[in-house]
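Asker: Got a structure here, written out as structure tokens. Questions coming.
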Amino acid sequence: MNKTPRTPAELTELTVGLNRLARNLWWTWNQEAQEIFQELSPRGWQNLYHNGVAVLHEVSDYELRVRFQDADFAHRVRDVLKTFDDYLKDPQTWGDQNAPALKKNPVAYFSMEFGFHETLPIAAGGLGILAGDHAKSASDLGIGFMGISLFYRQGYFQQSFNQDNWQTEYYTLLNPKNLPMEPVLNARGEPVVCSMRIAMSEVYFQAWRVNVGRNTVYLLDTNRPENEQHYRDLTLRVYGGDSSTRIMQEMLLGVGGVRLLRALGAQPSVFHMNEGHAAFLTLELIREKISAGRSFTEALTATKTECLFTTHTPVEAGHDRFSLDLMGYVANIFQSQLKLTLDELMALGRVNPNDKNESFCMTVLALKMSRSANGVSELHGQVSRQMWHALFPDKQVEEVPIGHITNGVHLLCWMKGPLRRYWRRKLNFHSDSDPHQPLSGDTTTLLRKKPAVPWDAKINSPEFWARMADPDFISDEELWALRYKLRRELIEFTRRRLLIQGQRLTQGDFIAFDQLLNPDALTIGFARRFATYKRAPLIFQQFHSIVKLVHDKQRPVQFIYAGKAHPRDDEGKRFIQHIIHLSKHSELEGKLVFIENYDVHVARQMVSGCDVWLNNPRRPLEASGTSGMKAGCHGCLNLSILDGWWREGYDGTNGFAIGGDSHPDSVEEQDRRDSENLYRALTEEVIPTFYNRDATGIPRQWIQKIRRAMVTLVPQFNTWRMVQEYAQKYYCTK
Ligand SMILES: *Cc1c(COP(=O)(O)O)cnc(C)c1O
């Protein structure tokens, strides 16, 4: 039945198909597609950092044609292409049934950053990751969705360290030809170029399309020959430059984004601002209506019915504020277009329109211009209502119109490859809804069957994860074996990375990297941006007690850290320096390691291999947090302050809490208490439960917690649920 392709037409079809596949990020959440790229060039796959497009450039067309003579390989390629096409064409999506109006008039989702995959490093952190996961789930659900962001040709920085363990930054140039993106062209095959006024100049920009399953995310790019060099460099780096770069980038995102959509003929029904960065889009929408003859007030009222706003942080520095000077110079075009004085323009971004000392706040503009607004967890909703109460002086705090939708993650993207296969096999072998199950482990048979409910729907369903409570479905032994496999993979990954890091610095000193870390030890992970409110070094306040814990022969504990500090955040850099110093020059050496250059790939390794995911932000500043949500499907348990999502997720049985559902006003007091509570949870709950083994060596209670985490957290804290909630609460209602 495995017919060898021989005709030139067949060979061309497969070659074209594979190229099309590489340029759609769908392959980043399809295991079989990734395995095809990997098999084509295993070394290239590794060296080019899992980049399907770059791998195809490694392999000549001639080689491809020869490789397709391998009947099994050709067959698998055809299977994947069929699955891909079925996915793209599926007429029965959730969106078709629940949000059909968005097909014609989609959601336009604006975000300063999108974190899709390690090959396209244009995100700085959680905000971008969330946007990427939102786009992927909007595609899976079949929701009409277009994304807008910027193409940063140097991306976000790469992290390195000098001899003093001080973070240094360097940038690499991204080459669009080698990335899963394509230029946006007009009917004549030329780039679509739009322009807008910034300060005294007309600035031109083109766009790149990133195919995210069924949907497109457009990345704007000012690197055009028409522009002066400093405008060409406007889109050089994520959050690069100073506040004048920032305001210009935000004008490009907001105004430029709307112009591009119009140039493409798009008529979105909703403009969703992911964070205040995008809020200038509202001024462009008003301008459009004024040029169509409406008054400013009419235009404003009409614009407000089209816009939604999601706020992402209670941290003050997370809310962009621009001075009168910047607004009057860089953004002065808004005055003439909207026929406003500078003071009237400023008033749109002020809590108190009459306060001449207030700067222009993008969050305030977004809140004033939206029909609905939301925070990203229940607690963050409350905090935001308080924070912005002054904007709604005639309302009680509880009535401030900011709701909440708790964040999620795109499950399949965060699931480690082998685990996708594992859960898939579990689904296919044991699903009640599909009685015609194949009985052997022949995965090719599995792949050829099109199940009634698609795999991405099943893997997100509460029904599937509910089965994790059942020892007949999955035994303690099997779960424990899985945990061991994933922990070992992480430790070997870490050893490899530390070898590379160490080669640069130790210059010949012998370090036994292959003995670093203990594959049997309770492994605690911490990785996120090193924003100071996240308090990365908190646990080391109890230094001497922690030293005892890591050296306990019977019940050892070890720590893996990773994360980047913003290039201008010296306090965050000091945190990293401190941790690296401890990892090299204290009694924690060998029991604490820091992996450099945290990114999506490192995150995936860590959340899958660690036993415990540590999160100790200063409450209530972690609006949601998402890295802990990536842990559940791998059987990694959360140990976290009851802030953000964990305050909703934790139920007493599915992980561990640090402290209670309240916090003192004093920051010093909070830090002191949290550090004690963290140590107490660790020594009284986490370590004893992990090491409490029965006669056969299995930690039954620990595994019970893993089961509870899978049942209660995984189907809840994902973007499949989150995007449905956005659609039902916000996108489809006026
Ligand atoms: C998930 C993720 C984040 C967000 O983590 P938080 O817990 O929300 O801080 C940041 N960066 C990367 C690379 C991630 O994968």
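This table checks each residue for (1) under 21 Å from residue 693 (Cβ atoms); (2) within 16 Å of the ligand (Cβ to nearest atom); (3) not aliphatic (A, V, I, L, M).
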position: 493; (1), (2), (3): no, yes, yes
position: 500; (1), (2), (3): no, no, no
position: 515; (1), (2), (3): no, no, yes
position: 520; (1), (2), (3): yes, no, yes
position: 538; (1), (2), (3): no, yes, no
position: 545; (1), (2), (3): no, no, yes
position: 549; (1), (2), (3): yes, no, no
position: 553; (1), (2), (3): yes, no, yes
position: 569; (1), (2), (3): no, yes, yes
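Asker: Ok, one more. What residue, of 261, 252, 236, is closer than 30 Å to residue 89 by Cβ and among the hydrophobic types (A, V, I, L, M, F, W, C)?
Answerer: From the options 261, 252, 236, the qualifying one is 261.
Asker: Report whether or not residue 643 is open to solvent by 40 Å² or more (accessible area, probe 1.4 Å) and in the same structural domain as residue 533 (by TED's automatic domain parsing).
Answerer: no
Asker: Please indicate, with yes or no, whether at least one residue in region 558-566 is open to solvent by 10 Å² or more (accessible area, probe 1.4 Å) and in a helix (DSSP H, G or I).
Answerer: If we filter region 558-566 for residues that are open to solvent by 10 Å² or more (accessible area, probe 1.4 Å), which is where we start, we get 564, 566.
Keeping just the survivors that are in a helix (DSSP H, G or I) gives none.
No, region 558-566 contains no residue that is open to solvent by 10 Å² or more (accessible area, probe 1.4 Å) and in a helix (DSSP H, G or I).
Asker: With a cut-off of at least 3 residues that are without any contact (Cβ under 8 Å) to a residue 40 or more places away in the chain and over 21 Å from the mean Cα position of the chain (by Cα), name the helices (runs of 4 or more DSSP H) lying wholly within region 615-695.
Answerer: Filter on region 615-695 gives 667-681.
Asker: Anything in region 316-347 that is of a type in the set (Phe, Trp, Tyr) and surrounded by fewer than 19 Cβ atoms within 10 Å (Cβ to Cβ)? List them, or say none.
Answerer: The one that is of a type in the set (Phe, Trp, Tyr) and surrounded by fewer than 19 Cβ atoms within 10 Å (Cβ to Cβ): 329.
Asker: Would you call residue 306 closer than 21 Å to residue 401 by Cβ and of a type in the set (D, E, K, R)?
Answerer: Values: closer than 21 Å to residue 401 by Cβ: yes; of a type in the set (D, E, K, R): yes.
It is true that residue 306 is closer than 21 Å to residue 401 by Cβ and of a type in the set (D, E, K, R).
Asker: Does region 244-263 contain at least one residue that is open to solvent by less than 30 Å² (accessible area, probe 1.4 Å), among the acidic types (Asp, Glu), in a strand (DSSP E or B) and touching a residue at least 12 places away in the same chain (Cβ under 8 Å)?
Answerer: No, region 244-263 contains no residue that is open to solvent by less than 30 Å² (accessible area, probe 1.4 Å), among the acidic types (Asp, Glu), in a strand (DSSP E or B) and touching a residue at least 12 places away in the same chain (Cβ under 8 Å).
Asker: Hey, another quick one. Considering only region 511-528, state which residues are open to solvent by 40 Å² or more (accessible area, probe 1.4 Å) and modelled with pLDDT of 95 or more. Write out each step before concluding.
Answerer: Our first condition is that a residue be open to solvent by 40 Å² or more (accessible area, probe 1.4 Å); within region 511-528, this holds for 511, 514-515, 518, 520.
Passing the criteria: 518, 520.
Asker: In region 125-150, what residues are within 21 Å of residue 459 (Cα to Cα), open to solvent by 10 Å² or more (accessible area, probe 1.4 Å) and either polar (S, T, N, Q) or away from the ligand (no atom under 16 Å from the Cβ) (or both)?
Answerer: Within region 125-150, 140 is the sole residue that qualifies.
Asker: Is there a residue in region 545-554 that is open to solvent by 20 Å² or more (accessible area, probe 1.4 Å) and within 26 Å of the chain's Cα centre (by Cα)?
Answerer: Quick first cut of region 545-554, residues open to solvent by 20 Å² or more (accessible area, probe 1.4 Å) only: 545, 548-549, 551-554.
Still in the running and within 26 Å of the chain's Cα centre (by Cα): none.
Within region 545-554 (the criterion being open to solvent by 20 Å² or more (accessible area, probe 1.4 Å) and within 26 Å of the chain's Cα centre (by Cα)), the answer is no, since none of the residues qualifies.
Asker: Same structure, new question: Testing residue 655 on (1) in contact with a Leu (Cβ under 6 Å, 6 or more places away or on another chain); (2) surrounded by fewer than 24 Cβ atoms within 10 Å (Cβ to Cβ), one condition comes back false. Which one is that?
Answerer: (2)
Asker: Of all residues in region 406-419 being open to solvent by less than 10 Å² (accessible area, probe 1.4 Å) and farther than 21 Å from residue 310 by Cβ, which is farthest from the ligand (Cβ to nearest atom)?
Answerer: 419
Asker: On to the next question. Does region 674-685 contain at least one residue that is buried (at least 17 other Cβ atoms within 10 Å of the Cβ) and under 30 Å from residue 499 (Cβ atoms)?
Answerer: Scanning region 674-685, I find at least one residue that is buried (at least 17 other Cβ atoms within 10 Å of the Cβ) and under 30 Å from residue 499 (Cβ atoms), so the answer is yes.
Asker: Given the residues 84, 110, 114, which is the only one that is surrounded by fewer than 24 Cβ atoms within 10 Å (Cβ to Cβ) and modelled with pLDDT of 95 or more? Steps first, please.
Answerer: Values: 110 fails: surrounded by fewer than 24 Cβ atoms within 10 Å (Cβ to Cβ); 114 fails: surrounded by fewer than 24 Cβ atoms within 10 Å (Cβ to Cβ).
Result of the check over 84, 110, 114: 84.
Asker: So, one more: Among 313, 297, which is the only one that is among the hydroxyl-bearing types (Ser, Thr, Tyr), open to solvent by 10 Å² or more (accessible area, probe 1.4 Å), assigned by TED's automatic domain parsing to the domain that holds residue 148 and in a helix (DSSP H, G or I)?
Answerer: 297
Asker: For region 628-638, name all the residues that are near the ligand (Cβ under 9 Å from one of its atoms) and touching a Lys or Arg at 6+ places or on another chain (Cβ under 9 Å).
Answerer: 630
Asker: In region 598-614, how many residues are open to solvent by 10 Å² or more (accessible area, probe 1.4 Å) and within 10 Å of the ligand (Cβ to nearest atom)?
Answerer: 5
Asker: May I ask you to list the residues in region 316-341 that are more than 17 Å from residue 282 (Cα to Cα) and either part of a helix (DSSP H, G or I) or touching a Lys or Arg at 6+ places or on another chain (Cβ under 7 Å) (or both)?
Answerer: Across region 316-341, the qualifying residues are 316, 317, 318, 324, 325, 326, 328, 329.
Asker: From the list 163, 159, pick out the single residue that is of a type outside the set (Phe, Trp, Tyr) and within 16 Å of the ligand (Cβ to nearest atom).
Answerer: 159
Asker: Turning to a different aspect of this structure: For residue 373, only one of the following conditions fails: (1) within 30 Å of residue 642 (Cα to Cα); (2) part of a helix (DSSP H, G or I). What is its number?
Answerer: (2)
Asker: Quick test for you: out of 625, 590, pick the one residue that is away from the ligand (no atom under 16 Å from the Cβ) and either open to solvent by 10 Å² or more (accessible area, probe 1.4 Å) or among the aliphatic types (A, V, I, L, M) (or both). Before the answer, list the steps.
Answerer: Details: 625 fails: away from the ligand (no atom under 16 Å from the Cβ).
Just a single option satisfies the conditions, and that option is 590.
Asker: Moving on. For region 458-481, name all the residues that are closer than 22 Å to residue 520 by Cα and open to solvent by 10 Å² or more (accessible area, probe 1.4 Å).
Answerer: Selection gives 475, 476, 477, 478, 480, 481.
Asker: Of everything in region 640-660, what is under 19 Å from residue 126 (Cα atoms) and away from the ligand (no atom under 13 Å from the Cβ)? Give them in sequence order. Explain how you work it out, then say what you get.
Answerer: Taking region 640-660 and keeping what is under 19 Å from residue 126 (Cα atoms), we get 640-649.
Of everything in region 640-660, those that are under 19 Å from residue 126 (Cα atoms) and away from the ligand (no atom under 13 Å from the Cβ) turn out to be 642, 647, 648.
The values are calculated or read from the model by the stated rules, or taken from the named source; none is laboratory data. All figures in this text were calculated on a predicted structure; none of them were measured in a lab. Glycine gets a Cβ as well: all are built from the backbone with ideal geometry, and neighbour counts include every protein chain shown. Each accessible area value is taken on the protein alone, full model and side chains, heavy atoms only, with ligands, DNA and RNA left out. Shrake-Rupley method; radii C 1.70, N 1.55, O 1.52, S 1.80 Å.
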